[in-house]
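Novice: Below is a structure I'd like to ask you about.
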Amino acid sequence: MSHKQLVLSGMQPTNTLHLGNYLGALKNWVKMQDQMPCLFCVVDMHAITADAGYGQPAELTRSTREVAAAYIAGGVDPKRSPIFNQGQVPEHGELAWVFNCVARLGWLDRMTQFKEKSGKHKERASVGLYTYPVLMAADILVYRATHVPVGEDQKQHLELARDIAAKFNNDFGVPDFFPQPEPVITGSGTRVMSLRDGSKKMSKSDESDNSRINLTDDADMIADKIRRAKTDPHPLPGPKDELAGRPEAENLLNIYAALADQDRDKVIIDFAGQNFSTFKSALADLTVARLEPITREMRRLLADPAEIDRVLKDGAQKARAIATPIMDEVKKTVGFII
Ligand code: TRP
């Protein structure tokens, strides 16, 4: 049996979204809507595994709306692609419990993200943080989603989802019950690096706000951060010059290419040999031109939370219409009376 193609992805509502989230994820999701049916989730249940999302209900609610607003403002069309928060679709948690019993401790012990996030004191980490990848597998498989756009760093979690799907199918004697979801590692803009250090990913947790462009920054802030971005003392490279060892130059060129929807080679030809100040002002103009309509729409949406909440509720209903029958099948397959 082959499974119908379906895309599912999600972002965590913790802190603010930045250019890396837009170029690395959202921009690609918007394109995928034309290729396959899509579902886009705001993973509020994952957010409470992090300090930033735990014990701060007002902040979590605000952040959930902000991420939903970014999806919409960035071009996800909620009429075609349901947008919902995980917490409104109880089937995620239900399937996650079953999957907790499918996944093996040894599998989870290998998860590098847990090791990084829990640090030296594993015994103080929450059980939720440990079992985070199991919930992620449930997010995907509760819809039998087949394609999952994610960054490089989530590949291991997707491998785990595939292992869980295969073990469930095998242990309950239901071959093909769950598909093997495929990661879709997203395009050229995927790795947007810090503006202060071209070897580190642009991150919401970096203590320097100048290291990232937030989707809530206004035009002046964006231009200012680009002007201050770290560079090296050389002019921009020509087509035959090496970019190796010039991570900041590479990052700014990648950002330009992704925002302009051009090949990086073309951008290099256009700016070959110029100094950074010329390039940075072109990049600032481009970034503002591309982000301004999005941030303006986000601000408009956030001024009326009721509208966002309606989108989320409607999305959750559509998501549940897919998830409930699958979850019923899971329950019967496991032997629960329903
Ligand atoms: N773990 C993902 C991240 O940090 C977020 C996520 C949760 C997700 N559930 C998902 C992504 C399901 C794709 C599909 O980026």
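Values in this text are rule-based calculations from the coordinates and carry no lab data. As the structure is a computational prediction, the values presented were derived from the model and not from experiment. Positions of Cβ are generated from backbone atoms using ideal geometry, with glycine treated the same way; all protein chains shown enter the neighbour counts.
Novice: I'd like the distance between the alpha-carbon centres of segment 271-338 and segment 91-152, rounded to an integer number of Å.
Specialist: Segment 271-338 and segment 91-152 have Cα centres spaced 22 Å from each other.
Novice: Please report Rg over Rh for the chain, where both radii come from the alpha carbon positions and Rh follows the Kirkwood definition. Don't skip to the answer; put the middle values down first.
Specialist: Values: Rg = 21.1 Å, Rh = 21.2 Å.
When Rh is taken as the Kirkwood radius, the ratio is 1.00.
Novice: For a 31 Å ceiling on Cα separation, which of these pairs sit above it: Lys225/Lys266; Lys31/Lys313; Lys122/Lys225? The partial results should precede the final answer.
Specialist: Details: Lys225/Lys266 24 Å; Lys31/Lys313 24 Å; Lys122/Lys225 37 Å.
Cα-Cα > 31 Å for Lys122/Lys225; rest within.
Novice: Computed FRET efficiency, Cβ-Cβ of Asp261 and Lys122, R0 41 Å: what is it to the nearest 0.05? Don't skip to the end; give the middle numbers.
Specialist: Working: r = 44 Å, r/R0 = 1.06.
About 0.40, to the nearest 0.05.
Novice: Let me ask something additional. For Ser205 and Lys115 in one chain, what is 0.36 nm times their gap in residues minus the Cα-Cα distance, to one decimal in nm? Please list the in-between numbers first.
Specialist: Working: separation 90, 0.36 × 90 = 32.40 nm, distance 1.72 nm.
Going from the current span to full extension adds 30.7 nm.
Novice: Put +1 on the Cβ of every Lys and Arg and -1 on every Asp and Glu Cβ in the chain; which of Pro247, Pro78, Ser281 then has its Cα farthest towards the positive end of the dipole?
Specialist: Pro78
Novice: A further question follows. Taking R0 as 30 Å, what FRET efficiency do you get between Glu292 and Lys240 from their Cβ-Cβ distance, rounded to the nearest 0.05? Mind showing how you got there, number by number?
Specialist: Working: r = 35 Å, r/R0 = 1.18.
Step by step, r from the Cβ atoms, then E = 0.25.
Novice: Starting from the amide H of Cys38, placed 1.01 Å from N in the peptide plane, find each other amide H under 5 Å away whose residue is 5 or more places distant or on another chain.
Specialist: Val7
Novice: How large is the charge dipole for the chain, taken about the Cα centre, if only the Cβ atoms of Lys, Arg (+1) and Asp, Glu (-1) carry charge, to the nearest 20 debye?
Specialist: In debye, rounded to 20, the chain gives about 300.
Novice: Which cross-chain or sequence-distant (5 or more) residues have an amide H under 5 Å from the amide H of Lys201, H modelled 1.01 Å from N in plane?
Specialist: For Lys201, whose amide H was placed from the backbone, the distant partners under 5 Å are Ser194.
Novice: Say the cut-off is 18 Å between C-alpha atoms; which of Lys115/Lys155; Lys4/Lys79; Lys4/Lys27; Lys120/Lys201 go over it? Don't jump to the answer; show the numbers that get you there.
Specialist: Numbers: Lys115/Lys155 15 Å; Lys4/Lys79 20 Å; Lys4/Lys27 23 Å; Lys120/Lys201 22 Å.
Cα-Cα > 18 Å for Lys4/Lys79; Lys4/Lys27; Lys120/Lys201; rest within.
Novice: When the dipole is taken about the Cα centre of segment 1-64, and only Lys, Arg (+1) and Asp, Glu (-1) are charged at their Cβ, what size is it in debye, to the nearest 20?
Specialist: Working: 4 positive and 4 negative charges, 52 e Å.
Roughly 260 debye, rounded to the nearest 20.
Novice: Using a Förster distance of 30 Å, how high is the FRET efficiency between Gln317 and Gln5, based on the Cβ-Cβ distance and rounded to 0.05? The partial results should precede the final answer.
Specialist: Numbers: r = 22 Å, r/R0 = 0.74.
In this case the efficiency is close to 0.85.
Novice: Read phi for every residue in segment 43-54 and hand back ³J(HN,Hα) as whole Hz from Karplus 6.51 cos²θ - 1.76 cosθ + 1.60, θ = phi - 60°, with x for Gly and Pro.
Specialist: Each residue's phi maps through the Karplus curve to give 8, 5, 5, 5, 4, 6, 7, 9, 3, 4, x, 9 Hz.
Novice: Run the paramagnetic zone check for Lys331: 7 angstrom along Cα to Cβ, then residues of segment 85-113 with backbone nitrogen under 18 Å.
Specialist: Residues 88-101 qualify, since their backbone N sits under 18 Å from the label point.
Novice: Report the label-to-label distance for Glu59 and Thr278 in nanometres (one decimal), using points 7 Å from each Cα along the Cα→Cβ vector.
Specialist: About 4.5 nm, to one decimal.
Novice: Hey, can you grab everything whose amide H is under 5 Å from the amide H of Gly10? Only 5+ residues off in sequence or another chain; H modelled, so Pro and N-termini drop out.
Specialist: When sequence neighbours closer than 5 places are left aside, the close amide H contacts are Cys41.
Novice: Could you tell me the ratio Rg/Rh of segment 178-319? Both radii from Cα atoms, Rh via Kirkwood. Don't jump to the answer; show the numbers that get you there.
Specialist: Details: Rg = 18.0 Å, Rh = 17.1 Å.
That ratio is 1.06, to two decimals.
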